[in-house]
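The values are calculated or read from the model by the stated rules, or taken from the named source; none is laboratory data. All values derive from a computational prediction rather than experimental measurement. Cβ placement follows ideal geometry from the backbone for every residue including glycine, while neighbour counts extend to all protein chains displayed. Accessible surface areas use protein heavy atoms only, side chains included; no ligands, DNA or RNA. Shrake-Rupley method; radii C 1.70, N 1.55, O 1.52, S 1.80 Å.
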Amino acid sequence: MKEKERVSALEQESEAQELQLENIEESQEELPYDTNNLEPNYSNLIEGESPLERLITFLDGKVRLPRKAKVGKGVCLFQINSVATKEGIQGKFGSYDQYLFTFSLSQSSEEVPVQITVPFIISSNPESLLMKFLMSFRSIFEGQRITVQQLVGLRGTCEIDHYITEAGDEYERLVVKSIENHTN
């Protein structure tokens with residue numbers, strides 16, 4: 001019986017992660033932007049792509065301009081700029097909470113960083129995207145208890161991939177590859 005419960009819990013977590021990605025667009029509308037008072041850029045174009053090339057969809061009496069990833073695929077330098085929360089988000093399976101991590105990303109130290117915000121559903125499931133992300137920092141915090149705020153300022157390298165939702169919106173997925181030396 002415990003195995004069935006475990007499988008059911010993993011299936012629910014997987015569905016919740018898919019919902020997280022489906023609900024990102026709604027979350028993005030209310031995301032906090034950094035303290036530099038930068039205007040939010042809703043066009044989110046990959047470098048080199050012309051806004052004139054973007055597809056506009058007219059369907060079911062609505063018009064839609066799908067979101068494009070801000071950062072191309074590949075290895076980037078990152079810095080965590082801030083962490084915020086969004087609580088009580090209503091999804092298919094009830095309400096849930098998110099951490100909103102804001103990163104600066106660049107492909108070289110000479111390049112001007114691009115800022116993205118990546119939401120993670122708050123979950124203690126070891127297979128969740130959040131827990132996999134947090135495991136990246138285990139080596140520098142082993143044996144300690146921290147808050148997510150203590151991740152702010154950390155730097156390193158990451159791999160950027162893209163995820164495209166059923167609606168055609170494109171979002172970044174970030175996997176930490178290494179972390180710079182850090183003193184606690």
Problem - Qualifying positions in segment 90-115 - at pLDDT below 95, open to solvent by less than 60 Å² (accessible area, probe 1.4 Å) and of a type in the set (Val, Ile, Thr) - result: 114
Practice task
Find the residue count for segment 130-179, including only residues that are open to solvent by 100 Å² or more (accessible area, probe 1.4 Å) and part of a loop (DSSP other than H, G, I, E, B).
Solution key: 3
Completion exercise
Of the residues in segment 104-149, those that are without any contact (Cβ under 8 Å) to a residue 40 or more places away in the chain and either touching a Ser or Thr at 6+ places or on another chain (Cβ under 9 Å) or small (Gly, Ala, Ser) (or both) come to 104, 106, 108, 109, 112, 113, 122, 124, 130, 131, 143
Fill in the blank from the handout: Filtering segment 92-115 for residues that are touching a strand residue (DSSP E or B) at 6+ places or on another chain (Cβ under 9 Å) and assigned to a strand (DSSP E or B) leaves a count of 14
